[in-house]
1. I'd like the residue in segment 34-67 that is surrounded by 13 or more Cβ atoms within 10 Å (Cβ to Cβ) and polar (S, T, N, Q) and, out of all such residues, is farthest from Ile239 (Cα to Cα).
2. Only residues that are touching a helix residue (DSSP H, G or I) at 6+ places or on another chain (Cβ under 8 Å), surrounded by fewer than 21 Cβ atoms within 10 Å (Cβ to Cβ) and charged (D, E, K, R): list them for segment 81-120, please.
3. Hand me the list of helices (runs of 4 or more DSSP H) wholly inside segment 58-163 holding 3 or more residues that are over 24 Å from Gly191 (Cα atoms) and at pLDDT below 95.
4. Identify, please: which residue in segment 175-201 is in a loop (DSSP other than H, G, I, E, B) and modelled with pLDDT under 90 and is, among those, farthest from Ala213 (Cα to Cα)?
5. What do you reckon, is Thr35 in contact with a Pro (Cβ under 7 Å, 6 or more places away or on another chain) and touching a residue at least 60 places away in the same chain (Cβ under 8 Å)?
6. Can you tell me how many residues in segment 6-29 are part of a helix (DSSP H, G or I) and surrounded by fewer than 13 Cβ atoms within 10 Å (Cβ to Cβ)?
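The values are calculated or read from the model by the stated rules, or taken from the named source; none is laboratory data. Source: prediction; values computed, not measured. All Cβ positions, glycine included, derive from the backbone under ideal geometry; neighbour counts span all protein chains shown.
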Amino acid sequence: MGHWFSRNIVEPGKLPMLLALTSFVLTFLVTRTVTRLIRAGRGPFKNVSSGGLHIHHVVPGVVLTVLGGFGAVASDRHGVGACVFAVVFGIGAGLVLDEFALILHLDDVYWTDQGRKSVEVVVLTAALVGLTLSGFSPLGVDDMTADERQDRGTFILTLVVNFLFVLVALAKGKFRMAVLGTLIPFVAIVGAVRLARPGSWWSRHFYRRRYKARARSRIRTYRHDRRWSKVRRRLQDLIGGFQERVPGRGSAPS
């Protein structure tokens, strides 16, 4: 195990990324636990305020992310400094993305349905970093042979084609598939060839007069959401604690 860790993590310089991912996940889990305790009125934890102003934990998160990011850039990725700044960055990123929905909506939506976006973004980020850490390269470059990488034309063409699939998936309203498709091209291809979601850019511009395609799109989206929304919401409730609703405690604790 030690030999594998040294060969696959330490020697390629992936230790800072592993530390950043670990601190990111742990920070998110600890933060969610603390905020749930504050909301339930348990334990010694309280909201942080200054002069009547509630300070959300995204504020120290931004500071730590900036410090960790600049520190990591200025450090040697094989040195101790890179590991320390990676942990700082991971902690900051965990605090920031835990309140991603608040930043997106510019409103205190921490415990609302809109606040579930924070959990989705955190899970998606952890999955992407984990895939990168395990050896996946963006846009399927890792699938190319050494000879293909030597051929500059093939290399560039592969990047462009895969990137176009990602853009089409985004245009069709398939955000999760597009993001995962940056590391797993097959996912982006599936999102690109399937019908667009209603209300997406692709649907508004290409289905305007294609009434049958628009109707099929609505039916497929309805069936997909009915099949997976309950599973997704249960997972979000388990991770984010949305089931613990206490009257009069709707603000996002810090």
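1. The qualifying residue farthest from Ile239 (Cα to Cα) is Thr65.
2. Result: Asp108, Arg116, Lys117, Glu120.
3. It comes to 58-73, 80-98, 100-105, 146-150.
4. So, considering only residues that are in a loop (DSSP other than H, G, I, E, B) and modelled with pLDDT under 90, the one farthest from Ala213 (Cα to Cα) is Leu183.
5. When the stated conditions are applied, Thr35 passes them.
6. Within segment 6-29, the subset part of a helix (DSSP H, G or I) is 6-10, 15-29.
Narrowing further to those that are surrounded by fewer than 13 Cβ atoms within 10 Å (Cβ to Cβ): 6-7.
Adding up the residues that qualify gives 2.
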